[in-house]
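See below for the structure under consideration.
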Amino acid sequence: MSIAIRLSLLLLAATWLLGACESTEQVHNGRFLAFGTLTDISIAGTSREQAESAIAALEEDFALMHKAWHAWAPGPLTRTNNLLAEGVRFAAPPSVLTLMQISARLARQSDNLFNPAIGRLVKLWGFQKDTIENQRPPDDAAIARLVKANPTMQDITIDGIHARSNNPALQLDFGAIGKGYGIDLAIEHLREMGVENAIINSGGDLRAIGSRGGRPWRIAIRSPSGAGALGFVHVSGDESVFTSGDYERNYLWKGRRYHHIIDPRNGYPAQGTRSVTVIHHNATTADAAATALFVAGPKDWHRIARRMGIRYVLLIDGNNVAHMNPAMAERIELADKDQPVNISKPLTGQEKEKK
Ligand code: AMP
Ligand code: MG
């Protein structure tokens, strides 16, 4: 073999190696606004062009979903809510129908602590608005009336594509599940576009698939103060990490803080919890469960997590104690080594007790 041919073969091998490195190791990032928060997309194992076109496609998906499930901007959900309040039988918009069906199942599994039928209560508390400045808590009597009306997903009858509500107080608010469902749909779309390694991270709530050149993704869990990380977990394969916290949306009135996660049993912001993080394979369930377990609180989260089939939970209570199941304790790396921790009984039969 001539020197020239040998040299060009070497060069070819070098460029191939470089190409391989770029395609497996390099992470391509994109960022856009979705569901009112910044959404970060990280893609590994593809060319830059493939990643860029995938990110552009996702931005369009999220814009459509944001419109479809918006609780107060006129669109498919507000139209649906008007028809539900009238009590008539109607053909539900496809974008709302599936989410209604999934929500009904998750609401039932959570003993209706995740209850997207309480849109009127969320609105009464002032959380169906773009800004919540100068907001004040509602009248106790108005809250009591809505709690008594007790709207739940079980008040909706779905028959094919038709739906009807027999509770005039029922209004849907998908604030506790829409982001999760949207991320699941976006992950499906990424896979259709040939992307196998990615993270979709919407304001700290995320689903990760594949790996980063064979290494797991390292994920920060938001601290209940809203700033900095409470801890870290490693995620690879396909997992979602969702956190519900009282710091996300709240307002101050006469020295008291009122946040956006409402306990459907009494109509007031749920007490006793500061944040809940759930790890689950799909984002829809992780999102709904984080909200439900926040409402369930330090005493009841274990029972509800079992009913919902959740395997990893971390709950920070009002005294800053971190409650978690043994499997969660195994994989979380807490940022503060002095963090008070309370490890529960296992959530599943396969899980070992913590010694
Ligand atoms: P998340 O941040 O996922 O916990 O969702 C909170 C949002 O879900 C709120 O801003 C409301 O729009 C809505 N929401 C509040 N309380 C509940 C509840 N108990 N069940 C279902 N949705 C709720
Ligand atoms: Mg949620």
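Answer with yes or no whether SER244 is within 16 Å of ligand 2 (Cβ to nearest atom), closer than 21 Å to ASN319 by Cα and either in a strand (DSSP E or B) or modelled with pLDDT of 90 or more (or both). Against the criterion (within 16 Å of ligand 2 (Cβ to nearest atom), closer than 21 Å to ASN319 by Cα and either in a strand (DSSP E or B) or modelled with pLDDT of 90 or more (or both)), SER244 qualifies.
Listed here are the residues, each with its yes/no results for (1) aromatic (Phe, Trp, Tyr); (2) out of contact with any Phe, Trp or Tyr (no Cβ under 8 Å at 6 or more places or on another chain).
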| site | (1), (2) |
| --- | --- |
| TRP69 | yes, no |
| PRO74 | no, yes |
| PHE114 | yes, yes |
| GLY119 | no, yes |
| ASP139 | no, yes |
| ILE158 | no, yes |
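In the set (1) assigned to a helix (DSSP H, G or I); (2) within 11 Å of ligand 1 (Cβ to nearest atom); (3) open to solvent by 20 Å² or more (accessible area, probe 1.4 Å), the condition left unmet by ASP287 is number (3). The set of residues from the range 179-217 being out of contact with any strand residue (DSSP E or B) (no Cβ under 7 Å at 6 or more places or on another chain) and open to solvent by 20 Å² or more (accessible area, probe 1.4 Å) comprises TYR181, LEU185, GLU188, HIS189, ARG191, GLU192, MET193, GLY194, GLY214, ARG215. Would you check if GLU330 is assigned to a loop (DSSP other than H, G, I, E, B) and either on the phi > 0 side of the Ramachandran plot or surrounded by fewer than 16 Cβ atoms within 10 Å (Cβ to Cβ) (or both)? It is false that GLU330 is assigned to a loop (DSSP other than H, G, I, E, B) and either on the phi > 0 side of the Ramachandran plot or surrounded by fewer than 16 Cβ atoms within 10 Å (Cβ to Cβ) (or both). Among residues of the range 333-355 that are open to solvent by less than 100 Å² (accessible area, probe 1.4 Å), those with a Cβ under 9 angstrom from a residue that is part of a strand (DSSP E or B) and acidic (Asp, Glu), sequence gap 6+ or separate chain, pair up as ASN342/ASP317.
Among the numbered conditions (1) out of contact with any strand residue (DSSP E or B) (no Cβ under 6 Å at 6 or more places or on another chain); (2) touching a residue at least 60 places away in the same chain (Cβ under 8 Å); (3) at positive phi, the only one that ASP173 does not meet is (3).
If you go through the range 204-215 and keep only what is within 16 Å of ligand 2 (Cβ to nearest atom) and assigned to a strand (DSSP E or B), you end up with ASP205, LEU206, ARG207. The selection criterion, being within 19 Å of the chain's Cα centre (by Cα), open to solvent by 40 Å² or more (accessible area, probe 1.4 Å) and more than 15 Å from TRP253 (Cβ to Cβ), does not hold for GLN154. Within the range 134-148, is even one residue under 18 Å from the mean Cα position of the chain (by Cα) and not aromatic (Phe, Trp, Tyr)? Taking every residue of the range 134-148 in turn, none turns out to be under 18 Å from the mean Cα position of the chain (by Cα) and not aromatic (Phe, Trp, Tyr). Considered as a group, the residues in the range 169-203 that are more than 30 Å from ASN150 (Cα to Cα) and among the polar types (S, T, N, Q) include one that is nearest to ligand 2 (Cβ to nearest atom), and that residue is SER202. Pairing each residue of the range 273-287 that is closer than 21 Å to SER103 by Cβ and among the small types (Gly, Ala, Ser) with any residue that is open to solvent by 10 Å² or more (accessible area, probe 1.4 Å) and within 13 Å of ligand 1 (Cβ to nearest atom), provided the two are 6+ apart or on different chains, yields C-beta distances under 9 Å for ALA283/LYS179; ALA283/TYR181.
Filtered by the rule that a residue be open to solvent by 40 Å² or more (accessible area, probe 1.4 Å) and either free of Cβ contacts under 8 Å to residues at least 12 places away in the same chain or touching a Leu at 6+ places or on another chain (Cβ under 7 Å) (or both), the range 135-144 gives ASP139, ASP140, ALA141. Going through the range 62-77 one residue at a time, which ones are assigned to a helix (DSSP H, G or I) and either among the hydrophobic types (A, V, I, L, M, F, W, C) or buried (at least 16 other Cβ atoms within 10 Å of the Cβ) (or both)? Hits for the range 62-77 are PHE62, ALA63, LEU64, MET65, HIS66, ALA68, PRO76, LEU77.
The values are calculated or read from the model by the stated rules, or taken from the named source; none is laboratory data. None of these values were measured; they are calculated from a predicted model. No Cβ is skipped: glycine too gets one built from the backbone with ideal geometry, and neighbour counts run over all protein chains shown. Surface areas here come from the heavy atoms of the whole protein model, side chains and all, with no ligands, DNA or RNA. Shrake-Rupley method; radii C 1.70, N 1.55, O 1.52, S 1.80 Å.
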